[in-house]
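Enquirer: Sending over a structure as structure tokens; questions will come in a sec.
The values are calculated or read from the model by the stated rules, or taken from the named source; none is laboratory data. Everything numeric in this text was worked out from a predicted model, so none of it was measured. Every residue, glycine among them, receives a Cβ derived from its backbone with ideal geometry; neighbour counts consider all protein chains shown.
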Amino acid sequence: MVITSVDRDDLADGGAEHYARVVRRVKELKPSMRLECLTPDFNNTSGLDGVATVATAGLDVYAHNIETVERLQRTVRDRRAGYRESIGVLEHARRANPKVVTKTSIMLGLGEEPSEVRQTMRDMRDAGVEIFTLGQYLRPSRRHMKVARMLPPEEYEGWREEGMAMGFKCVASHPNPNANPNPNPNPNPNPNPNPNPNPNPNQVRRLGPPRALELQGGRGPHRRLRTPTPNSNPNPNPNPNPNP
């Protein structure tokens, strides 16, 4: 299960203690539950102390997203975020809790070069990251960055193979990595497995309008899409037929 949130710069600790309380409570109720926390960088709030608070709360996977290659950081991410700062978050999580698995993700199709993706993967391995995810950037609205390129599925498979050769425990590389049925490097030996454990890798699961991948943990390029409010119903009358 993944626990995440929007950036909480309005809180003194950036929400770090709230993450920790949720993790401790879930583990208390169900110790066997595997938990991943996808966090912000806690810049301008609790900083690396906040990272340590979450990393030592009892979670299994500490995730923080690098989001794109180093050259595109200023273009893609919030100006308060940074490539080296995100690496520092992942490294500090491991220092605070050497048993925790660290994870990061990047979007592709933003104008990055293959050599830059390769270097990003090497940098993540050097930082001790064990799970690496690559997915397709989808433009959620006209206000957002345009998609520079839609990568074919075979390129994602190529990145998966390269990542595994670099030493990652798991590489989820897919236009929509959330469609991967088992990105966990330590899968649960379920005696009743999914009857279709190998879905078509060319199938991209989309729910609603295309949008950027949910990479909330690192101040990404996307904004949440507005959803209709109850007052936006063009016909709020519960009895639309005025005819008695």
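Enquirer: With the requirement that a residue be acidic (Asp, Glu), assigned to a loop (DSSP other than H, G, I, E, B) and surrounded by 24 or more Cβ atoms within 10 Å (Cβ to Cβ), what does segment 29-76 give you?
Expert: Correct list: Asp41 only.
Enquirer: Given the options Val2, Val6, name the one that is more than 12 Å from Ala57 (Cβ to Cβ), surrounded by fewer than 21 Cβ atoms within 10 Å (Cβ to Cβ), among the aliphatic types (A, V, I, L, M) and touching a Pro at 6+ places or on another chain (Cβ under 9 Å).
Expert: Details: Val2 fails: touching a Pro at 6+ places or on another chain (Cβ under 9 Å).
Just one listed residue meets the conditions, Val6.
Enquirer: Which one is farthest from Arg24 (Cα to Cα), of the residues in segment 77-90 that are small (Gly, Ala, Ser) and outside any helix (DSSP H, G or I)? Write out each step before concluding.
Expert: The first filter runs over segment 77-90 and keeps only residues small (Gly, Ala, Ser), leaving 81-82, 86, 88.
When the remaining residues are screened for being outside any helix (DSSP H, G or I), the result is 81-82.
Numbers: Ala81: 28, Gly82: 30 Å.
Per the criteria, the residue is Gly82.
Enquirer: What tally of residues in segment 143-171 results from selecting those that are more than 14 Å from Gly111 (Cβ to Cβ), at pLDDT 95 or above and assigned to a loop (DSSP other than H, G, I, E, B)?
Expert: Count: 4.
Enquirer: Same structure, new question: Looking at (1) modelled with pLDDT of 95 or more; (2) among the aliphatic types (A, V, I, L, M); (3) closer than 28 Å to Ser115 by Cβ; (4) touching a strand residue (DSSP E or B) at 6+ places or on another chain (Cβ under 9 Å), which is the only condition Val22 fails?
Expert: Failed condition: (3).
Enquirer: Across segment 1-29, what is the number of residues that are of a type outside the set (Val, Ile, Thr) and in contact (Cβ under 8 Å) with a residue 60 or more places away in the chain? Step through it out loud before you land on a result.
Expert: Applying the first criterion (of a type outside the set (Val, Ile, Thr)) to segment 1-29 yields 1, 5, 7-21, 24-25, 27-29.
In the following step, the residues that additionally are in contact (Cβ under 8 Å) with a residue 60 or more places away in the chain were identified as 5, 7.
Number of matching residues: 2.
Residues are listed down the side, and each one gets a yes or a no for (1) over 25 Å from Arg34 (Cβ atoms); (2) without any contact (Cβ under 8 Å) to a residue 60 or more places away in the chain:
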| site | (1), (2) |
| --- | --- |
| Arg71 | yes, yes |
| Thr75 | yes, no |
| Gly82 | yes, yes |
| Glu85 | yes, yes |
| Arg94 | no, yes |
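Enquirer: Continuing with this model, one more query. For segment 91-142, give me each residue that is at pLDDT 95 or above, in a loop (DSSP other than H, G, I, E, B) and surrounded by fewer than 18 Cβ atoms within 10 Å (Cβ to Cβ).
Expert: Pro98, Lys99, Glu113, Gly128
Enquirer: I'd like the residue in segment 54-75 that is modelled with pLDDT of 95 or more and of a type in the set (Val, Ile, Thr) and, out of all such residues, is nearest to the chain's Cα centre (by Cα). Lay out the reasoning, then the answer.
Expert: As a first pass, look at segment 54-75 and keep what is modelled with pLDDT of 95 or more: 54-73.
Subset that is of a type in the set (Val, Ile, Thr): 54, 56, 61, 66, 68-69.
Details: Val54: 16, Thr56: 20, Val61: 12, Ile66: 9, Thr68: 12, Val69: 15 Å.
Taking the candidates together, the pick is Ile66.
Enquirer: Hey, another quick one. Identify all residues within segment 83-104 that are of a type in the set (Lys, Arg) and under 17 Å from the mean Cα position of the chain (by Cα); write none if there are none. Let's see the steps before the verdict.
Expert: Start the filter on segment 83-104 by keeping residues that are of a type in the set (Lys, Arg), which leaves 84, 94-95, 99, 103.
Lys103 - this is the single residue of segment 83-104 that is of a type in the set (Lys, Arg) and under 17 Å from the mean Cα position of the chain (by Cα).
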